[in-house]
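Q: Once you've had a glance at the structure underneath, I'll fire off some questions.
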Amino acid sequence: MIVAVVDGQGGGIGSAVIQAVRQRLGPDIEIWALGTNAIATAQMMRAGANWGATGEQAVISGVASAWVILGPIGIVLANAFMGEVTPAMAAAVACSKGRKLLLPLTQEDVEVVSVHKQPLPHHVQSLVNKLKEMQADV
């Protein structure tokens, strides 16, 4: 069972995720650090990943084999992380058969309105409430 952690920029989120997974699930779980750049990969390797690779092809190939993919929500957004997440990377993550567990953290102009499991009307109401707040700020 392969757990792929995808991160970019400085690798801080991915490192925190890997450390927490190691503490909770122990040394037997196989963790792959898939970085959008070498710094992110190196940081995640220091955090305890078993294997690491960097760049577009590494992310595309790695997520194809993963049982679960962990990372910030930006890994499914083309051009996230100041352009480090290429459209091909985002598509590969989104299309992977592995389960995606994504953190609602992003520097992009994207905000997750509601992350609780609830009926659609409740999510829609949260969205409308957020839109109303944004309108008031203009």
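Q: Examine segment 103-115 for a residue that is buried (at least 18 other Cβ atoms within 10 Å of the Cβ) and either in contact with a strand residue (DSSP E or B) (Cβ under 9 Å, 6 or more places away or on another chain) or not assigned by TED's automatic domain parsing to the domain that holds M134 (or both), and state whether such a residue exists.
A: no
Q: Test each condition in (1) more than 24 Å from V59 (Cβ to Cβ); (2) in the same structural domain as A58 (by TED's automatic domain parsing) for A91 and report the one that comes out false.
A: Of the numbered conditions (1) more than 24 Å from V59 (Cβ to Cβ); (2) in the same structural domain as A58 (by TED's automatic domain parsing), the odd one out for A91 is (1).
Q: Please verify whether segment 28-36 includes one or more residues that are within 14 Å of the chain's Cα centre (by Cα), within 22 Å of E111 (Cβ to Cβ) and not assigned by TED's automatic domain parsing to the domain that holds S114.
A: Scanning segment 28-36, I find at least one residue that is within 14 Å of the chain's Cα centre (by Cα), within 22 Å of E111 (Cβ to Cβ) and not assigned by TED's automatic domain parsing to the domain that holds S114, so the answer is yes.
Q: For segment 104-138, how many residues meet the condition of being over 30 Å from Q9 (Cβ atoms) and among the polar types (S, T, N, Q)?
A: 4
Q: Output the residues belonging to segment 94-138 that are of a type in the set (A, V, I, L, M, F, W, C) and either within 16 Å of the chain's Cα centre (by Cα) or within 22 Å of E56 (Cβ to Cβ) (or both). Walk me through it before giving the result.
A: We begin by selecting, within segment 94-138, every residue of a type in the set (A, V, I, L, M, F, W, C); these are 94-95, 101-103, 105, 110, 112-113, 115, 120, 124, 127-128, 131, 134, 136, 138.
Across segment 94-138, the qualifying residues are A94, C95, L101, L102, L103, L105, V110, V112, V115.
The values are calculated or read from the model by the stated rules, or taken from the named source; none is laboratory data. Note that this is a predicted model, so its numbers are computed, not measured. Counting neighbours? That spans all protein chains shown, and the Cβs are built from the backbone with ideal geometry, glycine included.
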